[in-house]
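These notes are about the structure you will find just below.
Read-outs: derived from the displayed coordinates by stated rules, not from any lab. What you see is a predicted model; the values in this text were computed from it and never measured. Here the Cβ is made from the backbone with ideal geometry for all residues, glycine too, and neighbour counts use every protein chain on show.
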Amino acid sequence: MIILTTLNARYSHTSMGLRYLLANMDELLPHTAIAEFTIQQRPLDIVEKLLQSAPKIIALGVYIWNIQESTEVVTLIKQIAPETVIILGGPEVSHEWQEQLIVAQADYLLTGWAELEFSPLCSQILNNNLPEQKVIECPPPALDHINMPYDYYSDEDIANRVIYVEASRGCPFKCEFCLSALDKTSWPFDLNKFLSAMEKLYQRGTRRFKFVDRTFNLKVETTLQILNFFYERLDSQLHLHFELVPDHLPDRLKESIARFPSGALQFEIGIQTLNVEVQQRISRKQDNAKSLKNLDWLRENRVHIHADLIMGLPGETLEQFSYSFDELVRLGMPEIQVGILKRLRGSPISRHTEAFKMRYNPLPPYNLLCNSTIDFVNMQRLSRFARYWEMVGNSGRFKETLPIVLGDNPFKRFMAFSDWLYETTDQTHKINLDRLFKLIFEWLLTTGEERNSCLDVLRIDFKAIGSGRIIKWLQPEKI
């Protein structure tokens, strides 16, 4: 028995990687099963479930979000059933693995794209023909040699979980904070085979497709064919998520996008920074004027935009970051994902470590702690800023109130609110909604905002979210 397993960040997520392995098991397919868990489950409980069928091999997908829990799972398995063969794979253990405890405890490690290497390794193990080499490097295979994974999404997955798909792999760009900088180019899957697989998923009831392609709009002809495929099957439930290059939106693509109704398309667009000097430093090619113009056009054409910014890039100051943030607020982006720079294992960003005194957390998620332009105290402030922005700016609960919070100087105002909120609550998590409404109201009063005007917009927002709560101080009889 072979078990393919991983710990997802939450139940709604699925592992496309495990399903790729399963699809390429060949004659071992009948003896292979998937068992997915979440990082919220106790490692001891996970191990109990994994060992119930006394598997010969357990293969574990390891990522930045599950490395700590995965290490504990492997440690426990080797303590309870040391004869069980553990095979590791995934981006977290594909680079700089030499000093990782989880690798030391496992039997084998497949680095890179393991779809075609995994089944032969299992066959060797099951035939007691054990490879001498513990670490096996897996170079990118030709994509037409890989069986697609989509038949292995279950009916439960389709009904309740995110369905991940990819029309291409790799990335031609070299942004140094990203592991995709290590790719030589972008490789497309055979489009006819891919669309045939999408048709099967659609006929099975899938309506939410999340594309993991790094550069979905890189080849416009392919992008147009995929969008047209889904437009011909458009219904009120269809929702498509893509990651787009921000400065590459030719008119033909705009025409195709504009046909879709509100709510059908969601684009994740990495801006990261609008500072040209920093962009050049991290090998990021981006036409900022085109990017901002395209963001504005997409917003006007009913596309939900998830725009990404990174705090802590080498050499970027608080003031420079604030410009990028303020520009996205000015454009009315519905979601601005504010993240702290992380040093992903193997990513080229490490070349700036000494020059800019980049000091990272040695523990996952390897977030930046300070650098030559932002000290530790201010990095902590930024970290809280990002957390509170998720709660207030990205939650969609404060559409009327947020413009008053941000005023004419969005970054400066929200940073002041963030500082006040932390000083007042000493919390960045577990602030319930009722209390958050009241805290926003109290902070607005400290800035000199008029009491009744603040109450009016908070009432509108409270009513809009359809909450069953009753907040007495908001005078619910007026809502």
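Structure summary
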| quantity | calculated |
| --- | --- |
| Debye log10 I(q)/I(0) at q = 0.22, 0.26 Å⁻¹ for the stretch 366-422, Cα point scatterers | -0.86, -1.05 |
| Hydrodynamic radius (Kirkwood) for the stretch 236-289, which is based on Cα pairs only, to one decimal in Å | 13.1 |
| FRET efficiency for Lys357 and Gln98, using Cβ-Cβ distance with R0 set to 22 Å, rounded to 0.05 | 0.30 |
| Convex hull volume per residue for the stretch 162-374, taking Cα atoms only, in Å³ | 120 |
| Cβ-Cβ FRET estimate between Arg330 and Lys399, R0 fixed at 22 Å, reported to 0.05 | 0.85 |
| The stretch 2-142, relative contact order [Cα under 8 Å, separation at least 6], % | 23 |
| Dimensions (Å) - the stretch 397-479, Cα atoms, principal axes, largest first | 34, 28, 18 |
| P(r) tail fraction, the stretch 192-291 - alpha-carbon pairs more than 21 Å apart, % | 39 |
| Of Lys219/Lys342; Lys174/Lys357; Lys285/Lys342; Lys184/Lys219, pairs whose Cα-Cα distance is over 18 Å | Lys219/Lys342; Lys174/Lys357; Lys285/Lys342 |
| Computed P(r) (all Cα pairs; the stretch 29-111; 10 Å bins; percent) | 17, 56, 26, 1 |
| Solvent-free Debye scattering, log10 I(q)/I(0), computed from the Cα coordinates of the stretch 84-241 at q = 0.19 Å⁻¹ | -1.25 |
| Within the chain: Cβ-based charge dipole about Cα centre, in debye rounded to nearest 20 (Lys, Arg +1; Asp, Glu -1) | 900 |
| Range of Cα positions in the stretch 125-195 per principal axis (Å), largest first | 41, 37, 26 |
| FRET efficiency for Ser372 and Asp235, using Cβ-Cβ distance with R0 set to 60 Å, rounded to 0.05 | 0.70 |
| Computed over the stretch 81-163, the ratio Rg/Rh where both radii use C-alpha atoms and Rh is Kirkwood | 1.03 |
| Full-extension gain in nm, Lys134 to Lys193, via 0.36 nm per residue minus C-alpha separation | 17.8 nm |
| Whole-number Å³ per residue for the convex hull built on Cα positions in the chain | 165 |
| Distribution of pairwise C-alpha distances over the stretch 324-413, 5 Å bins, in % | 3, 12, 20, 21, 15, 13, 10, 5, 1 |
| The chain: relative contact order as a whole-number percent, Cα under 8 Å and 6+ apart | 10 |
| Rounded Å value of the spacing that divides the Cα centres of the stretch 320-376 and the stretch 149-190 | 24 |
| Inter-site label distance for Gln225 and Ser123 at 7 Å from Cα along Cβ, in nm | 3.2 |
| log10 of Debye I(q)/I(0), alpha-carbon scatterers only, for the stretch 1-150 at 0.18 Å⁻¹ | -1.08 |
